[in-house]
2 protein chains.
Amino acid sequence: MSVTAPRGFRAAGVAAGLKSGGARDVALVVNDGPDAAAAGVFTANRVKAAPVLWSQQVLRAGLVRAVVLNSGGANACTGAPGFQDTHATAEHAAATLSGIGIGIGDDDGTGTGRGGPAIGAGEVAICSTGLIGERLPMDRLLPGVTAAVAELAVDGGLAAAEAIMTTDTRSKTTVVAGTGWTVGGMAKGAGMLAPALATMLCVVTTDAIAGPAVLDEALREACRVSFDRVDSDGCLSTNDTVLLLASGASGIAPSQAELTAAVTEACRDLARQLIADAEGASKEVAIEVVGAADEDDAVEVGRSVARNNLVKTALFGNDPNWGRILAAVGTTGAAFEPDDIDVAVNGIWVCRGGAAAEDRAKVDLSGRQVTIRIDLHAGPAEATIWTNDLSHAYVHENSAYST
Amino acid sequence: MSVTAPRGFRAAGVAAGLKSGGARDVALVVNDGPDAAAAGVFTANRVKAAPVLWSQQVLRAGLVRAVVLNSGGANACTGAPGFQDTHATAEHAAATLSGIGIGIGDDDGTGTGRGGPAIGAGEVAICSTGLIGERLPMDRLLPGVTAAVAELAVDGGLAAAEAIMTTDTRSKTTVVAGTGWTVGGMAKGAGMLAPALATMLCVVTTDAIAGPAVLDEALREACRVSFDRVDSDGCLSTNDTVLLLASGASGIAPSQAELTAAVTEACRDLARQLIADAEGASKEVAIEVVGAADEDDAVEVGRSVARNNLVKTALFGNDPNWGRILAAVGTTGAAFEPDDIDVAVNGIWVCRGGAAAEDRAKVDLSGRQVTIRIDLHAGPAEATIWTNDLSHAYVHENSAYST
């Protein structure tokens, strides 16, 4: 049930004509409370889209009552006019929501508010995804927001998840049950999947009681071991945003550890769905680095292998080319001795001690799931990075995206 | 005339059966002197092939009398046995060359030595290129070295350049004329082309008089602005080697600046040839970064764009997708303000001040040559990085390489 699985949330997804073809392209998620605590994690890219700049400001207060998300345009590299478009979208959403009223008591399934406080633009986060460098058609987006407000429903989570898809072939949602409270989430992302967030938008909701600081800690830890360990194509987006909203509607306040664990599970589930649906991928590849001196080393090694085009094309060709894997490991600064490294591909140890071991012909790469295990023999730490192969379909899809 | 353009050098290229198909695969370059000064630059990859480990030791003394190069196998990740193979190759070459005699006076065009001092294995550098992780067939390689010694000739440079090709579609050679002295060179490299050397082998020769320290300075500066600015696929090889050998046969000792300039010109010429023949490439892309605070920033920005698969696939699709270029710039730590950046593609300023400017439809990407100019407006420094697009042919070639 996506973001509306926890109590206290309504959502909608409508078709506003931003995408050609009539698919849903504007999503709205509303927190009916009683709380409106929130945390956010944003792209590390220094070229940040207007909605990222806006939402970073909104999140500073730790309070979000609504999130407007659109596909069909990233509103990145659009200068001051693009920022004004984002601001206008937030103003329009706030005014329209104030008109119908949102707030306590909206979990009765009717999809209409029984009145709540007026909300301000500064309580509305904005997310956009799509082509960089073009202005959004505001004459379509604002009516879309109006329509989304009208369609808000406690079962609207799936429609919202659909509305944020770009080249995604399916929507991504998750639900994790706590003890008397719930975490729900939706995400999109298919290209520009890289560390410090994939090219992705993600909204995670919970009806737990938790303040902004607790949410922030839970979200940062969850992202660190989920989205930040996904590296499909090494490209870091201008629009990446992950939001965590808490309504407190369950009346239960889990411990920090409980909340972090549930949010992490939700984010990991969504991250796996992103890799499973990455643009043009024919393989889902887990790079398990073990025996590292510390976790940073393990992540660095895994990421280096995940970003190596020669490894990725070899996997596309069902070729267990461990030599390319070692060459990728060798570009890192991690602690290891080249002559100590072992590498297994789908369970076959094709390399031991930095040289050929078991017959590579034994490796079965015919399936979609691939596991590369790299033992550095340098310590006790480990980490897993998720990536994809580099396929003809990736080249095709990304050479034709904007034209 | 490749490495034999300068006086004092002989070379050969023979077919030893390392490659299937009967193409030349063993090259030999001999410095007949009177000098035998040398310098080398090697891969920064920490997983170094046996011939790299060997040649680094040889170069420590600054003296090289011969270089054996083979295609058809990288002898990387082959452990101690692989290193012994390299050692045995050097021993065999030294013994065979001592038998025919090399040294002063061999520039008479007869291709036979008139006797010189016996040479040791420690004066023979070794370079290998090909698949990682497999032992070389020594029963073919050593007879190949014997045959190469027999075919040494003052016009053997082209055959040698042919013998080091792997997926190269044509051999790469260069000649640069000094005043009374000459620089010649050959190189191979088509995949794993990345900074801190492309996947490449390169031998540069000169008949100038220059000691190891002068050669070292000339070679490091030349590589810094040539091979180190080539980044075809972001993958750093285990075998990269660039050697500079000086015979002193011209009797002329140019200044450091003169020698550096000529070696730089030779390396730049070879680097351009590498990019022009990179695996599967349909575009040769110059990324000119100007207005940088310093040269390091310019190189970092250029390299980030060169390594961005979304930029590279867009270029393959003839799509002047400047948004992806800005997203790549944004991942760097270089000094810039996102709202100041200008980007031109083939002369059309599609982005000014971080937002859309001239109509992208004006950009003509139908040709093979592409120039991306990025003005950071942050200072006076600039650098150009050379790269390629990411094409179906790259995926095809690299998904099928070892199988």
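Here is the figure for segment A:287-310: residues that are within 27 Å of A:Ala393 (Cβ to Cβ) and either under 22 Å from the mean Cα position of the chain (by Cα) or without any contact (Cβ under 8 Å) to a residue 40 or more places away in the chain (or both) total 10. When A:Ser20 is tested against (1) at pLDDT below 90; (2) crowded, with 24+ Cβ neighbours inside 10 Å, only condition (2) is not met.
Kindly evaluate B:Arg360 against the criterion of being in contact (Cβ under 8 Å) with a residue 24 or more places away in the chain and more than 23 Å from A:Lys48 (Cβ to Cβ).
Values: in contact (Cβ under 8 Å) with a residue 24 or more places away in the chain: yes; more than 23 Å from A:Lys48 (Cβ to Cβ): no.
So B:Arg360 fails the test.
Scan (1) touching a His at 6+ places or on another chain (Cβ under 8 Å); (2) under 25 Å from B:Trp54 (Cα atoms) for the single condition B:Gly280 breaks and write down its number. Only one criterion is unmet by B:Gly280, namely (2). Among the residues of segment B:321-368, the one identified as more than 8 Å from chain A (Cβ to nearest Cβ), small (Gly, Ala, Ser), closer than 21 Å to B:Asp297 by Cβ and not in a loop (DSSP other than H, G, I, E, B) is B:Ala344. Being of a type in the set (Gly, Ala, Ser) and within 20 Å of A:Thr238 (Cβ to Cβ) is the filter here, so list the residues in segment B:346-403 that pass it. B:Gly353, B:Gly354, B:Ala355, B:Ala356, B:Ala357, B:Ala378, listed by residue number. All conditions in (1) away from chain B (no Cβ under 14 Å); (2) crowded, with 20+ Cβ neighbours inside 10 Å; (3) farther than 29 Å from A:Leu259 by Cβ hold for A:Leu69, with the sole exception of (3). Against the test of being touching a residue at least 12 places away in the same chain (Cβ under 8 Å), on the phi > 0 side of the Ramachandran plot and not acidic (Asp, Glu), the options A:Gly133, A:Gly178, A:Gly184, A:Gly211 yield a single qualifying residue, A:Gly133. Taking segment A:136-183 as the range and being within 14 Å of another protein chain (Cβ to nearest Cβ) and either closer than 24 Å to A:Ser282 by Cα or at pLDDT below 95 (or both) as the test, the residues that pass are A:Thr166, A:Thr167.
Does segment A:36-56 contain at least one residue that is touching a His at 6+ places or on another chain (Cβ under 9 Å), more than 21 Å from A:Ala177 (Cβ to Cβ) and within 14 Å of another protein chain (Cβ to nearest Cβ)?
Looking for residues that are touching a His at 6+ places or on another chain (Cβ under 9 Å), more than 21 Å from A:Ala177 (Cβ to Cβ) and within 14 Å of another protein chain (Cβ to nearest Cβ), one finds at least one in segment A:36-56, hence yes.
Screening A:Ala381, A:Ala355, A:Ala334 for residues that are under 27 Å from B:Lys48 (Cβ atoms), of a type outside the set (Asp, Glu), touching an Asp or Glu at 6+ places or on another chain (Cβ under 6 Å) and crowded, with 21+ Cβ neighbours inside 10 Å leaves exactly one candidate, A:Ala334.
Of all residues in segment A:260-287, exactly one satisfies the criterion of being surrounded by 24 or more Cβ atoms within 10 Å (Cβ to Cβ), farther than 29 Å from A:Ala39 by Cα and small (Gly, Ala, Ser), namely A:Ala281.
Per the listing B:Ala292, B:Ala253, B:Ala257, B:Ala266, the residue uniquely over 28 Å from B:Asp168 (Cβ atoms), touching a Gly at 6+ places or on another chain (Cβ under 7 Å) and not basic (Lys, Arg) is B:Ala292.
Whether a residue is within 14 Å of chain A (Cβ to nearest Cβ), farther than 30 Å from B:Tyr394 by Cβ and surrounded by fewer than 24 Cβ atoms within 10 Å (Cβ to Cβ) was assessed, and B:Pro254 does not pass this test.
Checked against (1) free of Cβ contacts under 8 Å to residues at least 60 places away in the same chain; (2) of a type outside the set (Phe, Trp, Tyr); (3) within 28 Å of A:Val285 (Cβ to Cβ), A:Ser237 passes all but a single condition, namely (1).
A Cβ distance below 9 Å, combined with a sequence gap of six or more or placement on separate chains, defines the contacts here; from segment B:335-350, residues that are at pLDDT below 95 reach residues that are part of a helix (DSSP H, G or I) and small (Gly, Ala, Ser) in the pairs B:Asp339/A:Gly79; B:Asp339/A:Ala80.
Picking from B:Ala218, B:Ala190, B:Ala210, B:Ala198, which residue would you name as being modelled with pLDDT of 95 or more, assigned to a loop (DSSP other than H, G, I, E, B) and in the same structural domain as B:Asp35 (by TED's automatic domain parsing)? After applying the criteria, what remains is B:Ala210. Apart from one condition, A:Phe42 fits all of (1) farther than 18 Å from A:Met200 by Cα; (2) within 17 Å of the chain's Cα centre (by Cα); the exception is (1). Restricting attention to segment B:237-251, the residues that are part of a loop (DSSP other than H, G, I, E, B) and either buried (at least 20 other Cβ atoms within 10 Å of the Cβ) or touching a Leu at 6+ places or on another chain (Cβ under 8 Å) (or both) add up to 8.
Test of understanding: among A:Val230, A:Val290, A:Val301, which residue is surrounded by fewer than 24 Cβ atoms within 10 Å (Cβ to Cβ), among the hydrophobic types (A, V, I, L, M, F, W, C), touching a strand residue (DSSP E or B) at 6+ places or on another chain (Cβ under 7 Å) and within 28 Å of A:Pro380 (Cα to Cα)? Spell out the reasoning first.
Values: A:Val230 fails: surrounded by fewer than 24 Cβ atoms within 10 Å (Cβ to Cβ); A:Val301 fails: surrounded by fewer than 24 Cβ atoms within 10 Å (Cβ to Cβ).
Checking each option against the conditions leaves just A:Val290.
The values are calculated or read from the model by the stated rules, or taken from the named source; none is laboratory data. Everything quoted here is computed from the prediction, not taken from an experiment. FYI the Cβ positions are ideal-geometry reconstructions off the backbone, even for glycines, and counts take in every protein chain you see.
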